[in-house]
Structures are given as structure tokens and as C-alpha cells.
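The next block holds one structure in the form of C-alpha cells; read it before the comments.
Just so you know, all these numbers are worked out from the coordinates, no wet-lab data involved. The structure displayed is predicted, hence computed values, not measured ones. Neighbour counts are summed over all protein chains in view; Cβ atoms, including those assigned to glycine, are modelled from backbone coordinates with ideal geometry.
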Amino acid sequence: MGYPKSSRIHTILFAIVILVLIWSAINPLDYLDWLAEVSPGVVIIIILALAYKKFRFTTLSYFIVAFLCILTFIGGHYIHILRFHCLIGSRMNLT
């Protein structure tokens, strides 16, 4: 007896979100700012993971939460470069 199809999809979504979280933690500009940007998404994921056995949302809901968490994690990794670049324009080489 295997897992239902939706459980496999939820597990794959969880794994993708965790991989993006790990990637975003690698060499951000400032770890304290990264933590402030990423912590709301991590809290939501922890709450959903703890409540998964007792209360399940629809697969669409998990897709939306995963998408928004991934956007938050990417933003936590890159947002400071974008803010600085927008303030000074494209005159400075950021590499």
C-alpha cells in the first residue's frame, strides 16, 4: 500500500522548498538580514509540517505557500543587491 498521490506531491513540494532555503543560506550578503527576510516563511513551513497529519490543506494551497516561500527565500538572498543597485543606478560594477 503506497502513499496517496497528493502526499507525494506535498513531499516533493516540501523538498523543493527546503532545497531553495538551503541554497538561499549559502553566502547571502548579511546573515542577520537574511534571517529577518526568511524567518516568516520558515515559521509557516514549520506550522504546516506540524499540522499536516491532523489538518491538510488542498494541494493548490500548498503550491501557493511553496511558491510564496520560494520567492521569499530568493528575495532574502538577493534583495540587498537590488536595493543598493536601485539607489545608485547602474554606474557601479557589483561583481
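Could you check the simple spin-label distance between Phe14 and Val42, using points 7 Å along Cα→Cβ, in nm with one decimal? Those two pseudo-labels are separated by 1.8 nm. Sites listed here are chymotrypsin sites (Phe, Trp or Tyr not before Pro) in segment 12-41 whose DSSP assignment is loop and whose Cβ has at most 11 other Cβ atoms within 10 Å, and the list is empty.
For segment 5-88, the gyration tensor built on C-alpha atoms gives a prolate shape. Its axis ratio a/c (a ≥ b ≥ c) is at least 1.5, and a/b is the larger of a/b and b/c.
The label-point distance for Leu50 and Tyr31, in a model that sets each label 7 Å from Cα toward Cβ, rounds to 2.5 nm.
Under the convention that each Lys and Arg Cβ holds +1 and each Asp and Glu Cβ holds -1, the size of the dipole of segment 5-88 around its Cα centre is about 580 debye. When the Cα positions of Thr11, Val65, Pro28 are compared along the charge dipole of segment 5-88, Thr11 comes out farthest toward the positive end, with charges on each C-beta of Lys, Arg, Asp and Glu.
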